[in-house]
Ligand code: F6R
C-alpha cells in the first residue's frame with residue numbers, strides 16, 4: 001500500500017489524474033473502474049482538461065462504474081448514471097458502447113442475472129486495470145457497507161442510515177435517498193490490477209485510519225485494500241489526521257528511485273509538478289515516470 005499525503009485535495013486529484021493518463025498512454029484500451037461522489041470530481045475535471053488541452057484520448061478505453069441506486073432511471077438527476085455523464089463522459093471522447101454502469105431499474109428476480117452479467121462483462125473486457133475509489137465515512141468502498149463479505153461480487157446491498165444521511169445532499173430530501181443499491185463486491189474491487197483510493201477532509205480521517213492502519217475486517221471493508229498488491233491511497237492533510245505513520249509515508253515517497261514514482265505529483269526532481277503536462281509528449285513522459293510503485 002502506498003500512502004500519498006498531499007498538501008491539498010486539488011494536488012491529490014492532479015496526481016490521480018496523471019496516473020490514469022499514464023495508464024491510458026501506456027494502454028489506450030485500458031479498462032477503468034470509476035466512482036461517483038465528491039472525492040473523484042477534481043480528478044474528472046483534470047482528465048477533461050488533459051483531454052481538451054493535451055489530447056488525452058479515451059476513445060479505446062472501457063469504463064465500469066462501481067454502483068447505482070436501485071429505483072432511479074439513468075436520467076434521474078441523482079442517479080450515478082446521470083452524475084457520470086454530466087461530470088465526465090459528456091466532456092471526453094469515450095465510446096458510449098464501452099461505458100458500463102449497474103442498472104438502477106432492474107428489479108426482483110432480474111437483479112441476480114444482471115449482476116452476473118455485469119461481472120461477466122468486466123471479465124470479457126479483460127478485467128479492470130485501475131479502479132478509482134472513494135471511501136465512506138463508515139469505511140465502505142463501492143457500497144459495500146460494514147459487514148459485507150470481503151469476497152463479495154456485484155449484488156444488491158442495503159445502505160446504512162449513515163450512508164443515506166451522508167448522501168442526502170444529492171437529493172431534495174432524505175426520504176428520496178434509495179435504501180438499495182447495486183454495487184460491485186469487495187472481491188470484484190480486489191480483482192482490479194491497481195486501485196486508487198481518494199479521501200479528503202476530516203470526516204474521512206477515522207475511516208482512512210482504519211483502512212490503512214487498522215485490522216483487516218469486514219467491519220471496515222476498505223481495510224481489505226491492505227491485501228491488494230497495488231493500492232495507492234491519495235489523501236489531503238485532514239483525511240490523514242488519524243494515521244500514526246504519516247512521517248514514514250512521506251519518507252517513502254521522498255526517497256523513491258525516480259523510476260518508481262507512481263505518485264507523480266511528488267517527484268524529487270520537481271519536473272513532474274502538476275503544471276508541467278501541457279502536451280501529448282508530456283503525457284507520454286508521465287508514462288515513463290509512473291512505473292512500478294512501492295505499493296505493497
Ligand atoms: C461512489 C461510491 C462510494 C463513494 C463514497 C465516498 O460510487 O462507491 O463508495 O466513493 O461514499 O463518497 P464521497 O466521495 O462523496 O465522499
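Structure summary
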{"item": "Qualifying residue in segment 116-128 (condition: part of a loop (DSSP other than H, G, I, E, B), in contact (Cβ under 8 Å) with a residue 60 or more places away in the chain and surrounded by 15 or more Cβ atoms within 10 Å (Cβ to Cβ))", "result": "yes"}
{"item": "Any hit, segment 97-118, residues being touching a helix residue (DSSP H, G or I) at 6+ places or on another chain (Cβ under 8 Å), away from the ligand (no atom under 16 Å from the Cβ) and more than 17 Å from residue 157 (Cα to Cα)", "result": "no"}
{"item": "Of all residues making up segment 79-91, the number that are touching a helix residue (DSSP H, G or I) at 6+ places or on another chain (Cβ under 6 Å) and buried (at least 18 other Cβ atoms within 10 Å of the Cβ)", "result": "1"}
{"item": "In segment 73-84, residue farthest from the chain's Cα centre (by Cα) [restricted to those that are under 21 Å from residue 134 (Cα atoms) and more than 12 Å from the ligand (Cβ to nearest atom)]", "result": "77"}
{"item": "Tally, over segment 48-64, of residues that are more than 12 Å from the ligand (Cβ to nearest atom) and not in a loop (DSSP other than H, G, I, E, B)", "result": "9"}
{"item": "Residue match in segment 129-149 (condition: in contact with a strand residue (DSSP E or B) (Cβ under 9 Å, 6 or more places away or on another chain), farther than 16 Å from residue 189 by Cβ and away from the ligand (no atom under 14 Å from the Cβ))", "result": "no"}
{"item": "Of all residues in segment 21-42 being within 13 Å of the ligand (Cβ to nearest atom) and in a helix (DSSP H, G or I), the one that is nearest to residue 86 (Cα to Cα)", "result": "41"}
{"item": "Residue match in segment 156-178 (condition: surrounded by fewer than 19 Cβ atoms within 10 Å (Cβ to Cβ), in a strand (DSSP E or B) and out of contact with any helix residue (DSSP H, G or I) (no Cβ under 9 Å at 6 or more places or on another chain))", "result": "yes"}
{"item": "Which listed residue is within 16 Å of the ligand (Cβ to nearest atom), under 18 Å from residue 197 (Cβ atoms) and part of a helix (DSSP H, G or I), from 45, 17", "result": "17"}
{"item": "Selected residue (criterion: nearest to residue 77 (Cα to Cα)) from residues of segment 179-197 that are surrounded by 15 or more Cβ atoms within 10 Å (Cβ to Cβ) and more than 13 Å from the ligand (Cβ to nearest atom)", "result": "180"}
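Only the coordinates and a few stated rules stand behind these numbers; no lab work does. Here the structure is a predicted model, which is why all the values come from computation and not from measurement. Reconstructed Cβ throughout: ideal geometry from the backbone, glycine too, with neighbour counts over all protein chains shown.
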